[in-house]
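Notes follow the structure.
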Amino acid sequence: MDFSNQIILVTGAARGIGRAIAAAFAHHGGTVAVHYRSSGAEAQALARSLSGQGHAAFRADVSDPAAGEKLVNEVVGRYGRLDVLVNNAAIYEVKPLQDLSYADWQATWKRTLDANLVGPANLCFLAAKIMMKQNSGKIINISSRGAFRGEPDAPAYGAAKAGLNQLSQSLAWALAQYNIFVGVVAPGFVRTDMAAELLDGPQGDAIRKQSPLNRVATPEEIAEAVIRLAADGMLYATGCILDVNGASYLRS
Ligand code: NAP
């Protein structure tokens, strides 16, 4: 795999899975736009420490449409092109329906859909406009096993990720004529801040046993799937959803 001379925008790249994705692209020669929202110091440090040159950090709240537009304009303003967009940033709020007031329920849905579905959709739109002019590009959206299996304690999250899958497949159809690949990586549990409370709590062992490998994924394993989908030669796999869940949930 060689991403030399390619510009890769990774959202939520300061930590967790996004950080591993940024490192993997840089390792294979890519120039990474390291996006962050609140982890500014980590993003700046990562941009300085990645292998290769030209990486830089860019701030935006992806749930704000104007901020998303500013982000893409800044990246393209700096590098002149955009070859790969990875929509990785997301929130996961454990909010069992039983515990919520109607107002809380609505607020959770709004926050989750804005960050996990509408924000990524906006970035897909903005990136697609650039990639259509280039007649090339790749969009990888990070979904979740929860889109298929359900998220009883975070239904807005499961619904947003299911929506992200369908958005990706619709865009794969729409953008193939412009030589643009759109694919999804759908992880099961991954050892990051997002899952730390569950993995370190009383349910941790049961979660690890969901996989016959008796463990959860590392961020690097998810990053490996992302860079393989983004590599040259994968255009005919456009529209795919790649499960990376250690066989913990097998769709037929
Ligand atoms: P994480 O450690 O909680 O990191 C989340 C990232 O998203 C952070 O970099 C954060 O940026 C960014 N972010 C959140 N809300 C944002 C917003 N409104 N605007 C901009 N950035 C925002 O999560 P992770 O585990 O690495 O998850 C990465 C992706 O994998 C997500 O799409 C998640 O749904 C998916 N996933 C994770 C798991 C898992 O078990 N961990 C399982 C399945 C799918 P700042 O820190 O800068 O604020």
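The values are calculated or read from the model by the stated rules, or taken from the named source; none is laboratory data. Nothing here was measured: the structure is a model prediction, and the numbers come from that model. All Cβ positions, even for glycine, are placed from backbone atoms using ideal geometry, and neighbour counts span all protein chains on display. Side chains included, ligands, DNA and RNA excluded: accessible areas come from the protein's heavy atoms. Shrake-Rupley method; radii C 1.70, N 1.55, O 1.52, S 1.80 Å.
With N the number of residues in segment 48-183, Rg(Cα) / (2.2 N^0.38 Å) evaluates to 1.15. When you restrict to C-alpha pairs under 8 Å that are six or more residues apart and normalise by the size of segment 7-244, the relative contact order lands at 20 percent. Annotation: peptides 134-143, 223-232, ranked by per-residue average of other Cβ atoms within 10 Å with the highest first, follow the order 134-143, 223-232. The string of couplings for segment 24-40 from the Karplus curve (6.51, -1.76, 1.60, θ = phi - 60°) is 5, 5, 5, 4, 9, x, x, 9, 10, 8, 8, 8, 8, 10, 10, 8, x Hz, one whole number per residue in order, with x for Gly and Pro.
What is the percent carbon and sulfur in the accessible area of segment 7-244, measuring with a 1.4 Å probe over the protein chains and ignoring ligands? Here carbon and sulfur together make up 54 percent of the probe-accessible area. Under 1.5 on a/c is rounded, so check that first for segment 106-178, then, if it is not, pick prolate when a/b is larger than b/c and oblate when it is not; a ≥ b ≥ c are the square roots of the alpha carbon gyration tensor eigenvalues. Because a/c hits 1.5 or more and a/b exceeds b/c, segment 106-178 counts as prolate. The largest-to-smallest principal axis extents of the Cα set in segment 7-244 are 49, 37, 34 Å. Phi angles across segment 42-53 convert, under the Karplus curve 6.51 cos²θ - 1.76 cosθ + 1.60 with θ = phi - 60°, into 3J(HN,Hα) values of 5, 5, 4, 5, 5, 4, 6, 8, 5, 5, x, 10 Hz, Gly and Pro given as x. Report summary: the helix-based calculation at 222 nm, which adds -39500 (n - 2.57) for every DSSP H run with n ≥ 4 and divides by the residues of the chain, gives -14000 deg cm²/dmol. Proximity of backbone amide H atoms, modeled 1.01 Å from N, is registered between Leu242 and Val184, Val185, Ala186 at under 5 Å, excluding neighbours fewer than 5 places apart on the same chain. Computed from Cα atoms alone, the Kirkwood hydrodynamic radius reported for segment 1-128 is 15.1 Å. Net charge of the neighbourhood of Leu229, taken over other residues with C-beta under 14 Å away and scored Lys/Arg +1, Asp/Glu -1, is -3. Averaged over residues, the count of other Cβ atoms within 10 Å places the peptides 167-174, 21-28, 202-209 in the sequence 21-28, 167-174, 202-209, highest first. Between amide H atoms placed 1.01 Å from N, distances below 5 Å from Val34 occur with Ala56, Ala57, Phe58, all of them 5 or more places distant or on a separate chain.
For Gly29, the residues whose modelled amide H falls within less than 5 Å of its own, excluding neighbours fewer than 5 places apart on the same chain, are Phe3.
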